[in-house]
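Worksheet for the structure shown next.
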Amino acid sequence: MPLLAQRKLIDKLTSANGDSTRSGSFLILPSVGYAQETGWEFGIVSLSSFYTDKTDTLTRPSTLGGLAAFTTKKQYNFVLKPDIWSPGNRYHYHVELRYKDFPFNFYGVGDQTREADKDVITQRLIRVAAEAEKLLKRGAYLGLNLSYENYRYTDQQSGGIFETSPSLRDRNGGEVVYIGLSQIVDSRDINTYTTRGTYLKFNYSFIPDLFGGENFTGSLFKFDLRTFKSYNPKTVLGFNLVYNTLQGSNTPFYLMPQLGNDQIMRGYYSGRYRNDNLLAAQTELRYRLIPRFGVAAFAGAGTVYGNRLLRLNNVKPSYGGGIRYFVDPKKGMTLRFDYAFGEKRPGEERQKGFYLSLNEAF
């Protein structure tokens, strides 16, 4: 019986057949880690998918992602992200609920920060964000977004750059509301593992003066371009261009665009470089070995900069590769293992990172 059960599990994990009934699926992964500033960390990551209309083969899969993590030093990180496509893709809803009380490394502001200046601080973040998009005509959506964010900070190491930097604003944190509009053009064949088509999104968010004092007032503009070309049934080439700019008065460090995460400019610690503007591009070649497994290679370049002309000699590299396991081949849901490299600054080791993520980077 144990051998039979093992054989069934192996067959399920390697089967080329997906779910032809368009029923829902669910994946949950445990995580364990250790760091000096957190102690032992325990958590779970989950992703469920479903269709709001099982009879319409054009309706895109909806997902519900979640993260729950806690440490032995009483730090917490909870995230819930529903992403819903209505029948016929007429409406698209995205929500993020996040509570985070967790330490992170602060290096200062700019694109020339140093590893030697690393300062460990604790961030308490509350974020409630929602966006709704309505189909205007085939492939074109109009979106409305509204979000609230509350930040609080505690310095764990007195005398560090977080405490002594004279240009750093709002060290204790603050709160902000975004009210925005989006214009989206979307011709992708699927929103998970895209093989052809283009996605283009413009978003402008106004940040009003609702809380007084030194809280930030201004605007945030985001541009996101993704385009894909399929060369054969197994090979896809994707390209992604991202531009963010934050403009206004009393700009706090925690609202500035940050270089590096598991989606773009992999290989950099998120927050190692931050400033008023972010510009980054990447390309990724994906090859599907068999229906359940694939590989990918990627390369990119990007930087952050202040309100001045972009200096090309400050653009930083990003490159690496990874393995893809298709949790659901029909829905294109993947479990992604990536290893990426960044720049090597004088006197420092080359920046790098390992990423275990659900779904594709873009």
inquiry  = Please determine whether any residue of region 148-162 is loosely packed, with under 15 Cβ neighbours inside 10 Å, of a type outside the set (Gly, Ala, Ser), over 29 Å from Arg114 (Cα atoms) and under 25 Å from the mean Cα position of the chain (by Cα).
reply    = yes
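Looking only at residues that are closer than 30 Å to Gln157 by Cα and of a type in the set (A, V, I, L, M) in region 21-36, which one is nearest to the chain's Cα centre (by Cα)?
Val32
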ask   = What about Gly197, is it surrounded by fewer than 20 Cβ atoms within 10 Å (Cβ to Cβ), more than 27 Å from Asp338 (Cβ to Cβ) and more than 20 Å from the chain's Cα centre (by Cα)?
value = no
query = Does region 177-189 contain any residue that is in a loop (DSSP other than H, G, I, E, B), touching a Gly at 6+ places or on another chain (Cβ under 6 Å), free of Cβ contacts under 8 Å to residues at least 40 places away in the same chain and not hydroxyl-bearing (Ser, Thr, Tyr)?
reply = yes
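Does Asn150 qualify as being in a strand (DSSP E or B) and polar (S, T, N, Q)?
Working: in a strand (DSSP E or B): yes; polar (S, T, N, Q): yes.
Here the answer is yes, as Asn150 does meet what is asked.
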request  = Mind telling me which of the residues Tyr231, Tyr199 ends up being modelled with pLDDT of 95 or more and farther than 17 Å from Ala140 by Cα?
outcome  = Tyr231
ask   = If you take the residues in region 200-227 that are farther than 12 Å from Val177 by Cβ and of a type in the set (D, E, K, R), which one is surrounded by the most Cβ atoms within 10 Å (Cβ to Cβ)?
value = Arg226
inquiry  = Within region 11-130, considering only strands (runs of 3 or more DSSP E) that don't extend past its boundaries, which have at least 3 residues that are among the hydroxyl-bearing types (Ser, Thr, Tyr)?
reply    = 25-35, 39-50, 62-71, 91-106
task = With respect to Gly143, determine if the residue is in contact (Cβ under 8 Å) with a residue 60 or more places away in the chain, in contact with a Ser or Thr (Cβ under 7 Å, 6 or more places away or on another chain) and either among the β-branched types (Val, Ile, Thr) or in a strand (DSSP E or B) (or both).
result = yes
ask   = Of everything in region 252-270 that's part of a loop (DSSP other than H, G, I, E, B) and more than 23 Å from Glu360 (Cβ to Cβ), which residue is modelled with the lowest pLDDT?
value = Pro252
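The values are calculated or read from the model by the stated rules, or taken from the named source; none is laboratory data. Values in this document were obtained by computation on a predicted structure and should not be read as measured data. Because the Cβ atoms are built from the backbone with ideal geometry, glycine has one as well, and the counts that use them run over all protein chains shown.
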